[in-house]
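The block underneath contains the structure these notes are about, expressed in structure tokens.
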Amino acid sequence: MVVDNTPITAAYQVLRDSILYFRGEAIGTVAARDPLLVAPNYDECFVRDFVPSALVFLLDGEYAIVRNFLVTVLKLRDQQQVMEGHQRAPGLMPASFKVVIDETGEERLQADFGDRAIGRVAPVDSALWWMILLRAYAIASGDEALPRRADFQDGIRLTLNLYLKESFETSPAMLVPDASFMIDRRMGVHGHPLEIQALFYGMLVTAYDMLLPTPENAALRDMVLKRLRTLRSYVRIYYWLDLQRLNEIHRFKAEEFGYDAVNVLNIYPESIPDWLDGWLGQEAGYLVGNVSSGRMDFRFFAFGNLLAIIFGLATPGQGQRIMRLYEDRWDVLIGQMPLKILYPAASGKEWAFLTGNDPKNAPWSYHNGGNWPVLLWAFTGAATLTGRADLAERAVASVMERLPRDQWAEYYDGKSGALVGRRANYHQTWSAAALIIAHHLLENPDAFIRFQPMMFFNAEA
Ligand code: GLC
């Protein structure tokens with residue numbers, strides 16, 4: 001592919017300017033360097049936002065900053081506040097952290113576990129990303145010693161213990177509150193959102209690979225292996241939707257008792273939304289947004305589907321069909337600025353009910369059907385892994401010039417994503433990092449495979 005490298009040079013400048021230093025060492029990147037920040041905490045390093053930055057550093061062989069980040073986040077677990085009447089959840093990791101100057105003029109790190117964030121949301125995805133990144137770092141750098149260190153082995157165990165703890169589950173999927181991942185405001189994504197299931201699966205696979213096979217780890221390793229297998233089958237069956245499955249659901253009988261029920265979750269066919277009529281072509285399919293008793297959230301969530309491909313949670317056949325859906329529905333799912341975060345937007349009473357009347361999540365804006373350049377990295381990763389680099393080339397080519405011109409906006413508004421988001425930051429780090437990764441992967445399609453957890457489980461797929 002012939003591309004003008006100027007936008008990539010500009011993207012690197014944004015990334016370099018975002019580096020966060022602590023006592024002289026690079027330890028992360030801030031979310032945005034916009035002088036007119038929309039929210040005061042965009043000058044913090046968010047764990048999830050650092051992931052695309054880290055992938056750029058790993059692809060470029062700049063390992064120290066990623067290592068420092070992994071060490072820092074592990075230590076910051078100790079700053080977790082405990083609410084009265086609660087116990088600490090030591091496997092939890094912060095949503096973000098910042099450098100503050102204390103009374104003595106010394107630099108200190110201050111973590112946020114949702115205790116300072118808007119709406120006090122729970123950072124469920126942080127420890128999942130931390131684990132996945134730890135393994136990507138070890139593979140890319142060859143520093144296999146870091147995950148083996150005693151404090152890291154402890155961290156891996158604590159996180160596994162927390163995320164595998166029994167609660168009120170009736171399925172292998174993980175139950176979480178609303179807003180506990182990239183969509184970090186109320187958006188009807190409580191329960192068993194796909195993105196969390198994909199990250200959970202990626203975490204289990206990477207943790208299994210890194211947790212040393214000692215006698216004291218034997219029971220935990222066994223549980224991890226069983227859970228990742230049951231989770232994988234469950235998602236592949238119950239979240240999957242193509243025309244054939246839609247037809248089955250359309251004709252479902254409801255209110256079935258007993259072990260032999262076909263409509264196990266009691267999904268009423270009447271809950272199939274009108275927009276799905278005629279939306280899925282013969283060759284297309286996707287994983288739905290959320291599944292639980294009596295509930296199938298039919299919305300298409302881009303990141304969950306793409307991560308399911310990258311981590312090998314979707315079968316290879318499902319991966320092909322998801323990419324086919326992108327091809328068939330290019331105008332709505334990619335539009336003028338890749339990619340639509342979810343489709344379709346909620347409006348009217350549904351919007352009021354799902355978001356609590358949140359004006360930032362107005363229809364076709366922000367989390368409610370806005371377009372997010374950051375998703376380009378996952379789209380390119382999934383496209384190259386499924387042999388559909390042609391789709392990624394098309395998406396990247398369409399925005400190469402525009403992203404720097406729009407000063408690396410955070411998100412876009414409108415059905416086709418034509419407008420810079422009303423309250424979007426400029427100089428959003430992960431918008432720039434995503435373009436660098438996408439460009440890199442198109443030039444070196446094999447680069448990504450090195451980080452891919454699924455390779456360990458391909459044989460049983
Ligand atoms: C918004 C996004 C969240 C991101 C944060 C910082 O809150 O929804 O995913 O981590 O901004 O960029």
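Mean residue ellipticity at 222 nm from the helices of the chain, using -39,500 (n - 2.57) per DSSP H segment of n ≥ 4 over the full residue count, to the nearest 500 deg cm²/dmol? Can you show the working numbers first?
Details: 17 runs with 190 residues, N = 461.
Result for the chain, helices only: -12500 deg cm²/dmol.
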* Apply the Karplus parameterisation 6.51 cos²θ - 1.76 cosθ + 1.60, with θ equal to phi minus 60°, to every residue of region 56-66 and state each ³J(HN,Hα) to the nearest whole Hz, in sequence, with x for glycine and proline. => 4, 4, 5, 5, 8, x, 9, 8, 4, 5, 5
* Structure fact -> Here region 324-333 yields Karplus 3J(HN,Hα) values (6.51, -1.76, 1.60; θ = phi - 60°; whole Hz; Gly and Pro given as x) of 5, 4, 4, 5, 5, 10, 3, 4, 8, 8
* Which trypsin sites (Lys or Arg not before Pro) does region 139-172 hold that lie in a coil by DSSP with at most 14 other beta carbons within 10 Å? -> Arg149, Lys165
* Asked: In debye, nearest 20: dipole of region 271-397 around its Cα centre with unit charges on the Cβ of K, R (+) and D, E (-)?
  -> 220 debye
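With a cut-off of at most 15 other beta carbons within 10 Å, and DSSP calling the residue loop, which trypsin sites (Lys or Arg not before Pro) in region 1-82 qualify? Please list them. It would help to have the intermediate numbers written out before the result.
Working: sites: Arg16, Arg23, Arg33, Arg48, Arg67, Lys75, Arg77; in loops: Arg23, Arg33.
Sites meeting the loop and neighbour criteria: Arg23.
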* Asked: Heavy-atom accessible area per residue, region 20-77, 1.4 Å probe: how many Å²?
  -> 36 Å²
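With +1 on each Lys and Arg Cβ and -1 on each Asp and Glu Cβ, and nothing else charged, work out how big the dipole of region 118-264 is about its Cα centre, in Debye to the nearest 20. Please list the in-between numbers first.
Details: 17 positive and 18 negative charges, 18 e Å.
Computed charge dipole of region 118-264: roughly 80 debye.
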* Which trypsin sites (Lys or Arg not before Pro) does region 79-108 hold that lie in a coil by DSSP with at most 15 other beta carbons within 10 Å? -> Arg88
* Structure fact -> The rounded separation in angstrom of the Cα centers of region 402-435 and region 159-233 is 32 Å
* Asked: Say the cut-off is 23 Å between C-alpha atoms; which of Lys360/Lys415; Lys98/Lys165; Lys165/Lys360; Lys165/Lys226; Lys75/Lys98 go over it?
  -> Lys98/Lys165; Lys165/Lys360
* To do: Roll a 1.4 Å probe over the protein chains and send me the accessible area per residue for region 266-383 in Å².
  => 31 Å²
* Structure fact -> The longest stretch of the chain containing none of the GluC sites (Glu not before Pro) that sit in a DSSP loop with at most 16 other Cβ atoms within 10 Å is 284-400
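With loop defined by DSSP as not H, G, I, E or B, and exposure as at most 10 other Cβ atoms within 10 Å, which is the longest segment of the chain clear of exposed chymotrypsin sites (Phe, Trp or Tyr not before Pro)? Please list the in-between numbers first.
Numbers: sites that count: Phe168, Phe257, Tyr259.
Value returned for the longest uninterrupted segment is 260-461.
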* Asked: Ordered by residue, what ³J(HN,Hα) values in Hz, to whole numbers, does region 238-253 give under the Karplus form 6.51 cos²θ - 1.76 cosθ + 1.60, where θ = phi - 60° and Gly and Pro are x?
  -> 7, 8, 6, 9, 9, 4, 5, 5, 4, 4, 4, 5, 4, 9, 4, 8
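The values are calculated or read from the model by the stated rules, or taken from the named source; none is laboratory data. Bear in mind that the values here come from a model prediction, so they are computed numbers and not experimental data. FYI the Cβ positions are ideal-geometry reconstructions off the backbone, even for glycines, and counts take in every protein chain you see. Calculation scope for accessible area: heavy atoms of the full protein, side chains included, ligands and nucleic acids excluded. Shrake-Rupley method; radii C 1.70, N 1.55, O 1.52, S 1.80 Å.
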